[in-house]
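The values are calculated or read from the model by the stated rules, or taken from the named source; none is laboratory data. Source: prediction; values computed, not measured. Glycine gets a Cβ as well: all are built from the backbone with ideal geometry, and neighbour counts include every protein chain shown.
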Amino acid sequence: MADRILTSAEVPAYIAARATLRELIDPTTLTVAEVGDGNLNLVFVCADAAGRRLVLKQALPYVRLVGPEWPMTEQRAVREAAALRIHGALSEHVCGLLDFDPEGYVLALEDLSDHEVFRTRLNAGGAHEGVAERLAEYLADVAFGTSVHSLTEAEFRTRAAAAINPELCEITEDLVFTEPFLGAERNSVRPALDAPYAELRADRAWSAAAMAMKHTFLTTQETLLHGDLHTGSVFVRGDARDGDLSVRAFDPEFACYGPIGFDLGMLWANLLFAGARAAALGEQDRAEALFGTLATSWDGFTARLRGHWPGRRAPERYPDSYLDGRLPAILADAFGFAGCEAARRTVGLAKVSDLETLDDDRYAVVGAAMLRLSRTLLVDRATLTPARVAEAASALVVGGE
Ligand code: SR1
Ligand code: MG
């Protein structure tokens, strides 16, 4: 366990005692604000009198969302630091890691206070153009760069073993793959969704498909995943239409080796929530555009991966036809994972503000739509296309105002 759980008042002394941090910011003129609003950690934004800034993030020994009665390993900070380093070396769309204290489980991160959380922007109706596509580039760069197609087999296995993250993966296995489908005390279902949820719970094809996705998540080691790439794990600044968009993924504490389609699927489900919200608010064009990001990000992902492909190791063992054959399977996985995320963010423990902040009537429309979309994504995953998902999403929510 860390020697101490930091408070805002203790942060200056903590920084003063750590040489790397003293170089980056003046502890004697520091202002500190604790801004953590996620489910797990403490987050301190620090600024000195000269305007230098950084963020400290400390893993608590428990799940903040629930409290000390749900203990959680602080080793997740070690996995997060490693993922930030590895992903940051492969992509510009990753929050910078400035320092890591493995005894205190404290990460020092680039300050992105001039950015905003993508979900917050989406909920406020702000610009989304280009964000999903940049994230798809990030995922393709990581999918290639941490895979056996760019690492030796020995390095690949060593990296996969080093990234093992059983405690956090268990949260994902329980919350994303098991509880929404098989039932759990931690679920909460508003009365407005009782009927559509009961219909799904009786549908064995839906829950069997989710269990198949859980099995894929547990048994596939292809790439170093972010592990929790929802729209609340992405900072954005600026607007692609003005040429000044900045996109940075953060918070990869759920990182582990897993199936390539997982991060794409998590992201897509959250974009579908944002689109469904827009539709319910009567913003049909915006909804269609958000639904359309599944296609544009998939195209961007495949183009980027194909761009890396000529540089693969051992091309004689992996001909071009190998990638052609893998992509449809990655796409089907991504839809399946999106189906799990769509359900769990509607009825599971950890929900999304896109849905939760709607008024009751709109909540009922969007919640039911996301549950039905979950079924389509899971059960039909092998035959879907991004365009068909967009059509299905539109049919479920457009006109739902
Ligand atoms: C107890 S943690 C709940 C959720 O928050 C994280 O961001 C992950 O999405 C996790 O499933
Ligand atoms: Mg998080």
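Details
Residues are listed down the side, and each one gets a yes or a no for (1) within 15 Å of ligand 1 (Cβ to nearest atom); (2) assigned by TED's automatic domain parsing to the domain that holds ASP359; (3) under 23 Å from LEU65 (Cβ atoms); (4) of a type in the set (A, V, I, L, M, F, W, C):
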residue	(1), (2), (3), (4)
LEU182	no, yes, yes, yes
VAL189	no, yes, yes, yes
ALA195	no, yes, no, yes
ALA209	no, yes, no, yes
HIS215	no, yes, no, no
GLN221	no, yes, no, no
GLY232	yes, yes, yes, no
CYS256	yes, yes, yes, yes
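Yes or no, residue by residue, for (1) of a type outside the set (A, V, I, L, M); (2) surrounded by fewer than 18 Cβ atoms within 10 Å (Cβ to Cβ); (3) more than 18 Å from HIS87 (Cα to Cα):
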residue: GLY227; (1), (2), (3): yes, no, no
residue: SER246; (1), (2), (3): yes, yes, no
residue: ASP251; (1), (2), (3): yes, no, no
residue: ALA255; (1), (2), (3): no, no, no
residue: LEU271; (1), (2), (3): no, no, yes
residue: ALA295; (1), (2), (3): no, yes, yes
residue: TRP298; (1), (2), (3): yes, no, yes
residue: PRO310; (1), (2), (3): yes, yes, yes
residue: ASP320; (1), (2), (3): yes, yes, yes
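- Hits in region 339-362 - residues which are more than 17 Å from the chain's Cα centre (by Cα), in a helix (DSSP H, G or I) and surrounded by fewer than 19 Cβ atoms within 10 Å (Cβ to Cβ): GLU356, ASP360, ASP361
- All positions within region 119-142 that are closer than 24 Å to ASP37 by Cβ and outside any helix (DSSP H, G or I): ALA124, GLY125, GLY126, ALA127, HIS128
- Looking across LEU6, LEU40, LEU30, one residue alone is farther than 18 Å from GLY96 by Cβ, in contact (Cβ under 8 Å) with a residue 12 or more places away in the chain and within 16 Å of ligand 2 (Cβ to nearest atom). It is LEU40.
- Residue, farthest from ligand 1 (Cβ to nearest atom), within region 43-67, restricted to residues that are free of Cβ contacts under 8 Å to residues at least 24 places away in the same chain and under 22 Å from the mean Cα position of the chain (by Cα): VAL43
- Residue within region 322-338 that is among the aliphatic types (A, V, I, L, M), buried (at least 21 other Cβ atoms within 10 Å of the Cβ) and under 22 Å from ALA124 (Cβ atoms) present: no
- Yes/no for GLY232 being modelled with pLDDT of 95 or more and either hydrophobic (A, V, I, L, M, F, W, C) or away from ligand 2 (no atom under 16 Å from the Cβ) (or both): no
- Residue count for region 12-26 satisfying the condition of being out of contact with any Lys or Arg (no Cβ under 9 Å at 6 or more places or on another chain), free of Cβ contacts under 8 Å to residues at least 40 places away in the same chain and part of a helix (DSSP H, G or I): 5.
- Among the residues of region 25-64, those identified as over 23 Å from PRO252 (Cα atoms) and surrounded by 13 or more Cβ atoms within 10 Å (Cβ to Cβ) are ILE25, ASP26, PRO27, LEU30, THR31, VAL32, ALA47, ASP48, ARG52.
- GLY130, sole failed condition from (1) closer than 27 Å to ARG326 by Cβ; (2) in contact with a Leu (Cβ under 9 Å, 6 or more places away or on another chain); (3) crowded, with 21+ Cβ neighbours inside 10 Å: (3)
- For the residues GLU199, GLU179, GLU155, GLU173, the requirement of being of a type in the set (D, E, K, R), under 15 Å from ALA255 (Cα atoms), at pLDDT 95 or above and not in a loop (DSSP other than H, G, I, E, B) singles out GLU173.
- Checking each residue in region 237-252 for being closer than 20 Å to ARG345 by Cβ and not small (Gly, Ala, Ser) picks out PHE250, ASP251, PRO252.
- When LEU84, LEU98 are screened for being surrounded by 15 or more Cβ atoms within 10 Å (Cβ to Cβ), assigned by TED's automatic domain parsing to the domain that holds LYS57, touching a strand residue (DSSP E or B) at 6+ places or on another chain (Cβ under 6 Å) and assigned to a helix (DSSP H, G or I), only LEU84 passes.
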